[in-house]
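Everything on this sheet refers to the single structure shown next.
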Amino acid sequence: MEKQKFYMTTAIAYTSGKPHIGNTYEIVLADAIARFKRLQGYDVFFQTGTDEHGQKVEEKAGAIGVTPKEFVDDVAKQIREIWDLMNTSYDKFIRTTDTDHEKQVQKIFKKLYDQGDIYKGYYEGMYCTPCESFFTESQLVDGKCPDCGREVKPAKEEAYFFKMSKYADRLIEHINTHPEFIQPVSRKNEMMNNFLLPGLQDLCVSRTSFKWGIPVDFDPKHVVYVWLDALTNYITGIGYECDGESSGLFKKNWPADLHLIGKDIIRFHTIYWPIFLMALDLPLPRQIFGHPWLLQGDGKMSKSKGNVLYADDMVEQFGVDAVRYFVLHEMPFDNDGVITWELMVERINSELANTLGNLVNRTVSMSNKYFDGVVNNTGVVDPVDRDLREVVIGTVQQVADKMEELRVADAMTEIFALFKRCNKYIDETTPWLLAKDEAKKDRLATVLYNLVESISIGACLLEPFMPETAGKILAQLGAKKRSVDVMNMFGLYQSGNKVTEKPEILFARLDVTEVLEKVAVMQAAKEAGNVSATDGQPEDAQNQEEAQVIDIEPKAEITYDDFARLQFQVGEIIACEAVKKSRKLLCSQVRIGSQVKQIVSGIKAHYTPEEMVGKKVMVVVNLKPATLAGIQSEGMLLCAEDADGNLALMTPEKDMPSGAEIC
């Protein structure tokens with residue numbers, strides 16, 4: 001059976017400079033959608049690329065003394081390197097300086113001119129160079145560009161124009177009869193009310209005041225204006241031939257199933273582009289989705305504001321999949337999202353390290369500890385198993401439904417809800433207690449099988465969003481990647497498979513202060529240009545890190561006998577909750593050998609209850625019980641404290657069994 005095609009594109013990135021994380025978000029979002037479609041069995045063609053002509057490029061190249069082509073070659077290389085760094089699976093990277101694209105644009109321009117859709121005239125109005133757009137006085141906002149808010153300048157020049165009004169009524173009818181065409185709905189309403197219904201003006205489609213563009217072959221003093229050049233990449237990139245036989249790739253894939261773009265260029269894609277297609281007698285794309293912006297702190301990223309974050313810097317600190325997780329999960333469907341270094345650390349610690357990483361680590365560790373890594377389904381079931389299976393199977397459909405609506409963040413929330421349900425299942429089934437009773441060994445095996453199967457399905461669902469992490473999880477579990485159509489068949493994990501002998505830590509917990517210090521060093525090094533070739537940090541910064549120590553006031557000396565009276569052991573926190581009406585206290589159930597002790601600790605400001613569960617910690621076990629906030633505490637967890645009062649639990653450097661003596 002032939003696969004159903006799915007052709008999707010991103011907006012092509014403008015080569016005026018290195019893309020920041022807000023620009024990079026779009027390619028990662030598109031990649032997640034493309035990967036999920038492949039997982040569903042679609043034949044996906046995913047195109048991205050670069051928009052390389054225009055006055056802004058010409059001016060920037062002139063300012064640094066290079067040709068425009070040299071300038072865009074360098075920037076296009078940077079863009080592609082970042083797209084590849086983010087592990088994006090595009091099938092075609094088009095450049096508008098590609099020879100075949102330029103030839104087709106010239107043919108398209110001539111065709112539209114010959115059929116009377118394009119005519120020559122003069123343009124006089126206010127021009128925004130960064131946006132490559134003309135505006136009338138009435139369209140300006142406070143005298144500035146309505147799109148970017150920058151200064152505009154009066155301009156007058158000979159130009160060719162496209163008769164937009166000729167196709168306006170047809171476009172309005174299409175939008176009204178195809179509710180899925182513009183998404184989210186708020187973007188559709190904006191286009192209809194602000195542009196289409198008041199009446200379209202004819203569009204300037206050539207320029208004479210600069211030279212860096214595709215020449216109009218029958219009037220060489222004109223170059224094709226950016227939007228007619230850039231927008232047509234969606235058809236030229238797959239082999240559209242204006243005056244002849246288009247390629248098989250074009251015939252197979254057009255019309256596009258999805259144009260994924262930023263909300264700031266929605267007008268060009270939902271008004272100009274459909275009208276160009278109507279004039280070329282080509283079908284319109286099925287859907288145009290205008291995603292929101294990813295904001296740094298409280299504003300849109302801008303080099304002039306000095307608030308730009310770059311993907312490669314964030315990957316250096318956190319890794320590719322952590323950055324992918326954040327930009328995909330933290331972006332609402334139709335509202336702007338916010339990204340900061342601090343938020344990144346918080347999400348990594350709470351969701352990636354604790355919810356996901358700790359779950360996989362515990363499951364693999366228990367499988368090795370109790371069954372030498374062999375996972376068997378012995379069929380000893382309990383009602384709680386049914387609920388887990390229902391959650392897992394239901395998640396598959398919920399994720400598919402969310403992705404169909406392009407609600408990517410919501411789909412990821414469903415996947416992590418599955419992982420949280422697995423953590424709850426561990427607490428409900430208490431494998432460590434089952435392991436003490438030989439008669440319950442088969443039940444323990446089924447519990448671990450259910451965990452491995454559930455996590456395997458969750459990892460398969462996670463693959464489009466965090467492909468490297470999903471692959472690592474499946475490898476640790478000895479599981480295979482599955483397509484969406486079989487994920488709802490619980491029990492496909494082969495009984496008798498083995499998990500890896502030693503679990504790999506997927507995401508380490510981070511200290512926000514340390515991260516911010518490293519970021520400051522990194523940024524200072526880039527500004528100073530003295531980055532060490534060894535590890536990307538300046539040598540003096542490395543020395544500063546080595547010199548960070550704390551001196552505290554010494555206590556009175558003790559004898560060995562004094563020390564020997566204290567009993568230290570390794571404990572495993574199996575449950576934890578906040579103490580009600582207390583701002584500082586957490587109450588933990590700590591398994592120490594065959595005993596479970598209740599320990600109250602003043603660390604609520606530094607750890608959440610969820611972060612505590614599963615940790616191996618150092619415990620003073622023979623401390624006289626005390627009552628704190630009305631709750632008995634039977635020991636003490638050991639912590640380290642820095643000069644700012646930040647606490648870190650003391651944990652064994654290697655994996656040690658619960659109850660191991662510390663001496």
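Some notes on this structure:
- Some residue of region 410-418 being surrounded by fewer than 22 Cβ atoms within 10 Å (Cβ to Cβ), touching a Leu at 6+ places or on another chain (Cβ under 9 Å) and hydroxyl-bearing (S, T, Y): no
- Only residues that are of a type in the set (A, V, I, L, M, F, W, C) and either closer than 15 Å to H606 by Cβ or in contact with a Pro (Cβ under 8 Å, 6 or more places away or on another chain) (or both) were counted in region 336-358, giving 2.
- Pick from region 377-390, criterion free of Cβ contacts under 8 Å to residues at least 60 places away in the same chain and not basic (K, R), ranking: farthest from A445 (Cα to Cα): E390
- Only one entry of T88, T96, T10 meets the criterion of being within 24 Å of C460 (Cβ to Cβ), touching a residue at least 60 places away in the same chain (Cβ under 8 Å), touching a Ser or Thr at 6+ places or on another chain (Cβ under 8 Å) and crowded, with 18+ Cβ neighbours inside 10 Å, and that entry is T88.
- Members of region 570-596 found to be more than 41 Å from the chain's Cα centre (by Cα) and at negative phi, listed by number: S594, Q595
- The residue that is modelled with the lowest pLDDT, among those in region 118-166 that are under 27 Å from D217 (Cα atoms) and among the β-branched types (V, I, T), is T129.
- Identity of the residue in region 358-401, outside any helix (DSSP H, G or I) and of a type in the set (D, E), that ends up farthest from I573 (Cα to Cα): D382
- Residues of region 339-375 that turn out to be surrounded by fewer than 16 Cβ atoms within 10 Å (Cβ to Cβ), more than 16 Å from Q476 (Cβ to Cβ) and not hydroxyl-bearing (S, T, Y), as a count: 3
- For region 37-57, the set of residues classified as at pLDDT 95 or above, in contact with a Lys or Arg (Cβ under 9 Å, 6 or more places away or on another chain) and not in a strand (DSSP E or B) consists of L39, G41, Y42, E52, listed by residue number.
- Inside region 597-624, residues that are of a type in the set (K, R) and within 37 Å of the chain's Cα centre (by Cα) make up a count of 3.
- Every residue from region 326-368 that is closer than 16 Å to D511 by Cβ, more than 14 Å from the chain's Cα centre (by Cα), hydrophobic (A, V, I, L, M, F, W, C) and at pLDDT 95 or above: V345, A353
- Evaluation of F109 against the conditions (1) surrounded by 17 or more Cβ atoms within 10 Å (Cβ to Cβ); (2) under 35 Å from the mean Cα position of the chain (by Cα) shows that the sole unmet condition is (2).
The values are calculated or read from the model by the stated rules, or taken from the named source; none is laboratory data. Everything numeric in this text was worked out from a predicted model, so none of it was measured. Backbone-built Cβ (ideal geometry, glycine too); neighbour counts: all protein chains shown.
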